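Asks: Mind looking over this structure? Questions follow.
The values are calculated or read from the model by the stated rules, or taken from the named source; none is laboratory data. All values reported here derive from a predicted model rather than from experimental measurement. Glycine gets a Cβ as well: all are built from the backbone with ideal geometry, and neighbour counts include every protein chain shown. Ligands, DNA and RNA are stripped out before the accessible areas are found, and what is left, the full protein with its side chains, is counted by its heavy atoms. Shrake-Rupley method; radii C 1.70, N 1.55, O 1.52, S 1.80 Å.
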Amino acid sequence: MRRVLVDSRRLLGPAVLGLAMLSGVAHTAAPDGPAAPTVRETADATAPSLLIARVRVNMVMKGDLAIRRDGRGRTLVPRADFLQWQLVGTAVPTVNIGGEDYVDLATIPGLEVVFDAARVALDISVAARALPGTTLNLGPDRRTGVRFPEERSFYFNYGVDVAGDENFNQRQTTFATELAVRTGPWLFYNTTSQQWGGTSATGFVRLLTNVQLNDRPNLRRLTLGDYFTPGFDLNDTVPLGGASLTKFYSMDPYFVQYPTASFSTEVAFPSTVQVRIDGNLVAQRQVPPGPLDITNVTNGIPGGQNVSVVIRDPFGREQVLQRPFFFATSVGLAEGLHEYSYNLGFLRRQYGIESDDYGDLAASAFHRYAFTNQLTMGLRGQATRELFNIGPFGTWQSPLGIVGAGVAAGGRDGSTGVAGTAAYSYTGSNFSLNVGALYRESNYAQLSDLVQSYRMRSNVYASGSVFQPGLGSFTATWNGITSYDGPDAKIANLTYTRGFFAGKGLLSVNYVRTVEPQTSWTWLVSMRYFFDVVTSVLGAVGGSSNGSTQAVSLQRSIPQGEGLGYEFTAGRFDSDAPDAMFGRAFAQANVEHATFGGEYARASRVEGGAGRSRFFAAGSIGAVDGRWFASRPVTDSFALIRIPELPEVPVYANGWFVGNTNAAGEVVATNIASYYDNFIAFGTRDLPLDYVFPRSEIVISPPTRSGSLVAFDVRKNRAIVGTLVEERNGDRVPMEFREVRLVRAGDVLKSFTARRGEFYIEGIEPGVWELQQDTGGLCVARIEVPALTQSVTEVGTLVCAPAPR
């Protein structure tokens, strides 16, 4: 129901009205809408008066506007402003006064209007649903300023590993290579391995060779050559040589492909919105009045949790919305999304042993679709001319957990069988449960049967864990596997962990019971203490049906950049036989151009473990943007970081120390993660004081197995000082307090002269510049800045001569 409330306790004085009449107010023209009735009023004594009023809509300030009021209490606002508030459509009744269109608020249904004559303020209220809506997207925020490199690049990783017994006898040598060549979205990829010596020599083996087209905008990858098919419970992964088209959501880490929590409500006034997960604040925003959609409420911790939204308006009133939600990042898809992989090629047999042993043409595919945020269904299958399997699968996600199931029919050489799988999982804040079962009939067939002899018959598993702050966590698992071709296995595992010393200590207790293929048991109690984030000491005692063990280890994690990682272990094994002492030493050094290390293990008796000695070395050569380098092996992608002319500057990639720049001012980071944001920075405190730079950090998001050139704009802050004069009546007169500029090609540097014509200009590169001054006519002076290393160069007295006409 429409109500117009008029506060007529005071009348506007002539001064206020006069000021309003003299105020010039310009309104932005709104787009013309459908035709609406227009009433033209003449300027007579009964016409509405013009005044400047402060206007609010649902307590949102709209500014000071020129409105009109008449003696009957009618309030009229400019049509252009009214349409900008988007309270109704553009077809509104219009009143034309003095050539300008106004909207009589009394003719608009659903508005509540209050005019305060004392404050000259107009408050308009409308139902929240009539206002423009607001969407609050709490998904990952895309970082601005990220660079997406597309340089041509390649790298060639190589590594050699020589291992033998404790006396370095019976040696076996492995040499492996990895080649990646990228141009734009195309990637050529190849891996090889070669072994000789020992008892398992295989000679040279080509592993993967393929060409990939990465369609990053559409999150798809086309592979031509060797690849592995996706694996599922009812059809294992196999190597093929052919073509593959796959949807890869991981190409965009910001894309949320899994179901997320969402809320819809209405906000009557400007309000504060807080979103909490299990009481923990994850977001807080200010929102305007109107319909409100809160989407993509995500959480890095999977499991069932309570999501709540608290909305607080300016009057302190709260609206609370809450719902339980099960967060799962790798199971179902968000509603309306597809995921698929279509693969056609020749089955690769004896992969890792033979280079070119291809069998029959085979197909493997899956496609799934999210009908809702809860239900994702799909179809998968495999086939050759003599073998097939096909069947549906799906997941159902609810606050009570996730249920997954699938069935398939398949066979070979005319014999068919069925297979099925079912699983349930739930993870809460302090409790988790996972149970599942898989069964395959003997005649059920899959492509992996053609490349391996082991065939699983059934797998029944269950696991559960309980966590309580201050008490730690307890986990129990059971796994029972039966097969058609090998031994059965039944294993139970109990684990308890608890943190100590403000997170620096970790206690772990583990018990394993093996029922099949033979009965045995082991237990282990260990305590680890972290001196820092990479260095720790570990003490452990354990036992088994064969004896007991005590050991202590000192460990340092292997760094991603330059540095040293190691592990030194010493212990004793007690049994019915004499005690056995054992020890192990491992170290790996990452230097600028390579990685190398060694391992040595020895025991006084065989019960303490087999002796082992090993040496390994690895490195990489590559190029990007025509610049060659030698470095440690590239793990995914790399970046050649350039700080021109500055050696010994420390560089960091994703928080890890990469190394110091060499004599050319370059260093290679080999730990760049494809598709993710990688933060490249250098140590600014290590630069000389006379160097300047616009930024010390660059963020890149490269494609997989690529190289990027990251060049920082760091330069010496060269400056010139001198005196500018002009010739006047045969004398040289200082040009004081003049604006001058240095010009060279497209570069312009501006400055001022001081008393006696002195000037100081910085940011200058070596070369020929022209100094210009145009007060009273343009005059110029030529300056040649030498390529000197000093920060400030004296250029002496310069005569500014009139520019030639």
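Asks: Just grab the label-to-label distance for ALA570 and ASN137, each label 7 Å out from Cα along the Cβ direction, in nm (one decimal).
Replies: Taking the simple label geometry, ALA570 and ASN137 are separated by 6.0 nm.
Asks: Then there's this: Explain nothing, just the number: dipole magnitude of segment 636-793 about its Cα centre with +1 on each Lys and Arg Cβ and -1 on each Asp and Glu Cβ, in debye rounded to the nearest 20.
Replies: Details: 16 positive and 21 negative charges, 24 e Å.
With Lys and Arg at +1 and Asp and Glu at -1, about 120 debye.
Asks: Contour minus end-to-end for ASN169 and GLU648, with contour as 0.36 nm per residue of separation and end-to-end as the Cα-Cα distance?
Replies: Working: separation 479, 0.36 × 479 = 172.44 nm, distance 4.25 nm.
Gain in length upon complete extension: 168.2 nm.
Asks: Let me ask another. With unit charges on the beta carbons (Lys and Arg positive, Asp and Glu negative) and the dipole taken about the Cα centre of the chain, which residue among ALA362, ALA653, PHE228 sits farthest to the positive side?
Replies: In the chain, that residue is ALA653.
Asks: So, one more: Return the percentage of antiparallel bridges among DSSP beta bridges fully within the chain, rounded to the nearest 5 %. Don't skip to the answer; put the middle values down first.
Replies: Details: 332 of 363 bridges.
Taking every DSSP beta bridge with both residues in the chain, the antiparallel ones total about 90 percent.
Asks: Could you give the length gained on full extension between GLU765 and SER264, defined as 0.36 nm per residue of separation minus the Cα-Cα distance, in nm? Don't skip to the answer; put the middle values down first.
Replies: Working: separation 501, 0.36 × 501 = 180.36 nm, distance 5.87 nm.
Extra length available between GLU765 and SER264 comes to 174.5 nm.
Asks: Continuing with the same structure: Considering only DSSP states other than H, G, I, E and B, which trypsin sites (Lys or Arg not before Pro) in segment 300-408 qualify as loop sites with at most 12 other Cβ atoms within 10 Å?
Replies: Those that pass, being in a loop and sparsely packed, are ARG317, ARG385.
Asks: Could you work out Rg/(2.2 N^0.38 Å) for the chain, with Rg from alpha carbons only?
Replies: Numbers: Rg = 37.7 Å, N = 805, 2.2 N^0.38 = 28.0 Å.
For the chain, the normalised Cα radius of gyration is 1.35.
Asks: Dipole of the chain (Lys/Arg Cβ +1, Asp/Glu Cβ -1, origin at the Cα centre): which of THR183, THR265, PRO239 lies farthest to the positive side?
Replies: THR265
Asks: Could the peptides 391-400, 796-805 be put in order, highest first, of the mean number of other beta-carbon atoms found within 10 Å of their residues? Could you put the intermediate results ahead of the total?
Replies: Details: 391-400: 17.7, 796-805: 12.4.
The most tightly packed comes first, giving 391-400, 796-805.
Asks: Right, another one. Can you give me the % of accessible surface on segment 368-435 that is carbon or sulfur? Probe 1.4 Å, all protein chains present, nothing else counted. Don't skip to the answer; put the middle values down first.
Replies: On the way: 2150 of 3250 Å².
On segment 368-435, the fraction of accessible area on carbon and sulfur atoms equals 66 percent.
Asks: LEU281 to ASN430: FRET efficiency via 1/(1 + (r/R0)^6), r the Cβ-Cβ distance, R0 25 Å, to the nearest 0.05?
Replies: Efficiency at R0 = 25 Å is approximately 0.80.
Asks: Next question. Points 7 angstrom from Cα along the Cβ direction at THR495 and ILE621: gap in nanometres?
Replies: 4.4 nm
Asks: Let me ask another. Whenever you get a sec, compute what percent of the accessible area on segment 474-562 sits on carbon and sulfur atoms (1.4 Å probe).
Replies: Reported share for carbon and sulfur atoms: 63 percent.
Asks: Taking the solvent-accessible surface of protein heavy atoms with a 1.4 Å probe, what is the per residue accessible area of the chain in Å²? Kindly include the intermediate steps, with their values, before the conclusion.
Replies: Values: 40770 Å² over 805 residues.
It amounts to 51 Å² per residue over the chain.
Asks: Sort the following peptides by mean Cβ neighbour count (other Cβ atoms within 10 Å, averaged over residues), highest first: 258-269, 455-466.
Replies: Highest mean packing first, the order is 258-269, 455-466.
Asks: Positive end of the charge dipole of the chain (Lys, Arg +1 and Asp, Glu -1 on Cβ, about the Cα centre): tell me which of VAL275, VAL77, VAL60 has its Cα farthest that way.
Replies: Farthest towards the positive pole: VAL77.
Asks: Please compute the modelled spin-label separation between GLU386 and ALA462, points set 7 Å along Cα→Cβ, answer in nm with one decimal.
Replies: Calculated label separation equals 4.2 nm.
Asks: Could you give the length gained on full extension between GLN518 and VAL699, defined as 0.36 nm per residue of separation minus the Cα-Cα distance, in nm?
Replies: Numbers: separation 181, 0.36 × 181 = 65.16 nm, distance 5.46 nm.
The span from GLN518 to VAL699 would gain 59.7 nm if fully extended.
Asks: Kindly provide the helix-only [θ] at 222 nm of the chain, computed as the sum of -39,500 (n - 2.57) over DSSP H runs of four or more divided by all residues, to the nearest 500 deg cm²/dmol?
Replies: -500 deg cm²/dmol
Asks: Got a number for carbon plus sulfur as a percent of segment 645-728's accessible area, 1.4 Å probe?
Replies: 48 percent
Asks: Return the loop-located trypsin sites (Lys or Arg not before Pro) in segment 101-174 (DSSP other than H, G, I, E, B) with at most 12 other Cβ atoms within 10 Å of their own Cβ; answer none if there are none.
Replies: Filter output for segment 101-174: ARG119, ARG142, ARG143.
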